[in-house]
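Below is one structure, written out as structure tokens; comments come after it.
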Amino acid sequence: MPFRNGALWLILFLMAVELCAPPATPFTVATRPTAAPAPGAPWLSLIVPTYNESSNIAPFLADLRAALDEAAISYEVIVVDDDSPDGTSDLAADIAAKWPNLRIVRRASERGLASAVVRGWQAARGEVLGTINADFQHPPEMIPEMLRRMEGADLTVATRYAADGSVGAFPLHRRILSTSARQVGAAFAPGIFGRVSDPLSGCYLFRRHTIENIELQPAGFKTLIEILARGRVQKIAECGYTMRKRRSGQSNVRLRDWMEYFGQLRRLRNASRRRSL
Ligand SMILES: Nc1nc2c(ncn2[C@@H]2O[C@H](COP(=O)(O)OP(=O)(O)OP(=O)(O)O)[C@@H](O)[C@H]2O)c(=O)[nH]1
Ligand SMILES: [Mg+2]
């Protein structure tokens, strides 16, 4: 028994050390050179984080391409893949060979949804940045409407909880988990969670200037709360949508992501307290 307890403490200690370890390079998005933007720099940069999405990636990118072409704007899509064992990045690279607006970032030494999204923004050249999941839970065809709502706004959130949005056929246990996560967040950091109806949304667009040169601390699988807490976001728009079931493959959310979520809430609460001093 004492050995078992010792081993448990050792595992918890190692996890804590890993969770607290600083990143190799800071998560700061640089200023885009507005005076002389790079030739061909797009207006929108949309990040698609992927891990083991080989069954979704091709149809998802096809639908996303149709939606973005309909919007008639200049754009780039950046797939950030963490060296998925199922070969997602190779499939995406094949598509990029025939779609010049698609770029691939393959990460070998970092892992995690939130950090992947921020690394994507660091590679992005657009004036408006955003993110959408590759599993079809966010319908790509809502992007043109989100772009319309960016007019006069700093940030547009795809919401399940207002403006005709809904959680669709989300299973009961996932609804309970999601509602609990929102309630804990609202209790911990009301100034952040009260700003939008769906602070844990994984699909949103925002203007680059809102986070330029601000160091983000992405952890786990939620990024919008980072932007709301640390960014220079003033005008917010929302766009309702019905969340769909993942089309194929499996959720990547791990226990570790939930642990990181609670650590993130604590850090964000401290950050928003410092800001209001
Ligand atoms: N690069 C990268 N992408 C990830 C990672 N984990 C998840 N993703 C991607 O992020 C998106 C959302 O991940 P999901 O696993 O579906 O998680 P979720 O949508 O937050 O939760 P579910 O409702 O359980 O599906 C998908 O496109 C995933 O492929 C990761 O560790 N690294
Ligand atoms: Mg999902």
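Computed from the coordinates by the stated procedures, all read-outs in this text should not be read as laboratory data. These numbers come from a predicted model, not from an experiment. Reconstructed Cβ throughout: ideal geometry from the backbone, glycine too, with neighbour counts over all protein chains shown.
Listed values, structure above:
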item	result
Packing-based exposure ordering (other Cβ within 10 Å, fewest first) of K222, K98	K98, K222
Environment charge at R175 (Cβ cut-off 12 Å; Lys +1, Arg +1, Asp -1, Glu -1)	+3
Principal-axis tilt of helix 2-20 within the chain, Cα atoms, nearest 10 degrees	30
Quarter of the Cα convex hull surface for the chain, i.e. its orientation-mean projected area (nm²)	16.4
Value of Rg/Rh across the range 225-277 [Cα atoms, Kirkwood radius]	1.10
Average projection area in nm² (convex hull over Cα atoms of the range 131-255, one quarter of hull surface)	7.9
For the range 143-215, alpha-carbon Rg over 2.2 N^0.38 Å	1.24
Residues in the range 215-252 that a label on W99 would reach, taking backbone N under 15 Å of a point 7 Å out along Cα→Cβ	none
Over the chain, relative contact order from alpha-carbon pairs under 8 Å, at least 6 apart, %	24
All lysines inside 25 Å of K222 as judged from Cα atoms, apart from same-chain residues fewer than 8 positions distant	K235, K245
Residue with peak Gaussian network fluctuation, the chain [Cα springs, cutoff 10 Å], from R119, R174, R148	R174
